[in-house]
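A quick write-up on the structure given underneath.
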Amino acid sequence: LISLTPVSHVEVSLKPVVSIDPDTHVYGGEEVRLRCDIQGRGETEWTYSWYRNSDRLGPRVPYEDFTYSTRQRFHIWPVIASDSGDYTCRGRSRDSQISEISDAVTLTVSAERPQVALSVSPQSWLTEGDSVTLSCEVTDSSTDWTFSWHRVNPNREIRDSHGDYVYRDSYTISPLARNHTGVYRCRAERRRPYLELSSNLQPLWITGESPPVSLIINPSRTQHFTGDSLSLSCEGQSDSTGWTVRRYTHSEGVLDCSWWGSVTGSTCKISSLSTSHTGVYWCESESGENSNPVNITVHGLISLIPVTQAQGSAKPVVSIDPDTHVYRGERFGLRCDIQDGGDTGWTYSWYKNNNSLGPHIGSRGYISIWYVSDSDSGDYTCRGRSRDSQISEISDAVTLTVSERPQVALSVSAQSWLTEGASVNLSCEVTDSSTGWIFSWYRVNPYRGIRDSHGGYVSGRFYTISSVAHNHTGVYWCRAERDRSPLTFSSNLQPLWITGESPPVSLIINPSRTQHFTGDSLSLSCEDQSHSTGWTVRRYTHSEGVLDCSWWGSVTGSTCKISSLSTSHTGVYWCESESGETSNPVNITVHAPFSVLMLISSVVTAFPYLLVTIILVFKCYRAR
């Protein structure tokens, strides 16, 4: 078709606007809500199509309720990195008005949550009267973070000299006093979407000339050896009661003596030192007064005979549920079981890569972490402390691996266009080496699980149809899930087109051809030998999946009409009944018209190259 004038697009007055709540930049595991608003839509009822990067989200996403993807609000939870993209929408009213496509709104999903880094200037060991600044920095470009400052064990929020809580990204103390000794943490909070993150621990050690209490070490030295005994006492000028010996190590954070020694009054005793007792020790009262801190180091002994490892009376075992290999956004649980631990009440400490997970994780024998990310990967250990002050050994490490969610690929043997009686095999493959996957199979629009010849739902990695019939025409997808995991993974869509000699209904095309041009009108009717009611015209395109005629044409009975074709109408069309009977599918292509202006433009563009070619040919001819 040759057009002598440029092709113009039909302008539609209604254009939707997409909004994203809570923000266009979110992190894996968070919740996102999209809304499609059509300005001036009136009171007419609308249904909606949602697109990501121009691909329709409706049928391509296996919701139990297909109508969910046609609502004004579209909900994604939990989001993952692959949900990033440009989102658009369009609406269709009950009286068949179709809006324009909205402008795109870009959603960015960061797989990893930002980190919060706490730093100190000028240093962590200081004397009374000095000045120090703690800085809290979030590895994120957004600016809507609120900060708070905390002391660890006991955990309490910090107030400034006026008694107000500190909410800045830095905290300056000037002048320093001895009661500023302790371990600090900052917390960053974002309200929309809500996210709370904690920093690393940062100790401050303040020394002075006249502490209210002294930490007395016996033997009186700071260098010790494994196997030695050690006594640590808090002694003041008057009353020495009410003081607690505390210790800080990089791996365990702040722990009272009751976790690593035996307590009598304000004295803490360690019967047999190990290198894990290396750390900074100090006395602290309930009111926050401190002694001067002391850095104690425990060295391993050099033995001339083989050292036999002492057998602990109780050693925990860590188990991970559901598996040691999980995917971003999943949940995992850790359990610490102490063999032969008896009925004594135990509390537990948890470690990742030999670093304490801190008091915020709790002291129970089971912890659960939701929406895991790559930073949760590592070696997990635990240990327990009984009510009667027994301390278990450290458990053996169990390694947790967190990886990107796998892809599920659905493929078809031979080809997707088949004739009645042929055999076809659909294969569902997971891009992951682990086993234990459970598979299920589905047809799209209407969404339904596939049953075998015995009436049971098809499971397993393969779905074989040994003798295909007309009613096998349709679009298929498979789903993979793991036992004890709430997440499911869906495949791509895979169409099967079955043709035969005597279909129960025929798709009548008017004009009767499969090649059409934009701007043409087209009528598609379902006609059978007796009656033509109860049939629906459906279409499949790679970008939009399966859609009934009501989404792209006007319906009258079993006839579908398109008043003005566009290239987006290119696809496979067929008739289908509620019981699943189908016509032969037809592949219809819509071409853009060939414009004279386009021809002239092409000639003008190519003319210099054509002229050079003619000159070169002419010169070669003359040279001969």
Checklist entry - So which pairs qualify, if the first residue must be in region 108-131 and of a type in the set (Phe, Trp, Tyr), the second must be surrounded by 15 or more Cβ atoms within 10 Å (Cβ to Cβ), the Cβ gap must be under 7 Å, and the two must be at least 6 apart or on different chains? => result 125/205
Item to check | Residues satisfying the stated conditions in region 450-461, i.e. of a type in the set (Gly, Ala, Ser) and either at pLDDT 90 or above or part of a strand (DSSP E or B) (or both) | outcome: 459
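Every residue, every condition in (1) at pLDDT below 80; (2) touching a Lys or Arg at 6+ places or on another chain (Cβ under 9 Å); (3) not in a loop (DSSP other than H, G, I, E, B), yes or no:
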position: 530; (1), (2), (3): yes, no, no
position: 533; (1), (2), (3): yes, no, no
position: 543; (1), (2), (3): yes, yes, no
position: 573; (1), (2), (3): no, yes, yes
position: 576; (1), (2), (3): no, yes, yes
position: 614; (1), (2), (3): no, no, yes
position: 620; (1), (2), (3): yes, no, yes
Checklist entry - Residues of region 437-449 being touching a strand residue (DSSP E or B) at 6+ places or on another chain (Cβ under 8 Å) and either within 13 Å of residue 477 (Cα to Cα) or outside any strand (DSSP E or B) (or both), which ones? => result 439, 440, 441, 442, 443, 444, 445, 448, 449
Checklist outcome for this item: Exactly one of 375, 434, 427, 411 is part of a strand (DSSP E or B), in contact with an Asp or Glu (Cβ under 8 Å, 6 or more places away or on another chain) and either in contact (Cβ under 8 Å) with a residue 12 or more places away in the chain or not assigned by TED's automatic domain parsing to the domain that holds residue 273 (or both), and that residue is 411
Item to check | Count of region 1-38 residues which are modelled with pLDDT of 80 or more, aliphatic (A, V, I, L, M) and surrounded by fewer than 16 Cβ atoms within 10 Å (Cβ to Cβ) | outcome: 1
Checklist outcome for this item: When residue 129 is run through (1) of a type outside the set (Phe, Trp, Tyr); (2) buried (at least 17 other Cβ atoms within 10 Å of the Cβ); (3) within 30 Å of residue 166 (Cα to Cα), the failure sits at (2)
Checklist entry - Residues in region 323-352 that are at pLDDT below 85 and more than 29 Å from the chain's Cα centre (by Cα): how many? => result 9
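Matching residues to (1) touching a helix residue (DSSP H, G or I) at 6+ places or on another chain (Cβ under 8 Å); (2) of a type outside the set (D, E, K, R); (3) at pLDDT 85 or above:
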| residue | (1), (2), (3) |
| --- | --- |
| 555 | yes, yes, yes |
| 561 | no, no, yes |
| 589 | no, yes, yes |
| 611 | no, yes, no |
Checklist entry - Within region 106-119, can you find the residues that are out of contact with any His (no Cβ under 9 Å at 6 or more places or on another chain) and crowded, with 16+ Cβ neighbours inside 10 Å? => result 111, 113, 114, 116, 118
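The values are calculated or read from the model by the stated rules, or taken from the named source; none is laboratory data. Note that the structure is a prediction, hence the values are computed from the model and not measured. FYI the Cβ positions are ideal-geometry reconstructions off the backbone, even for glycines, and counts take in every protein chain you see.
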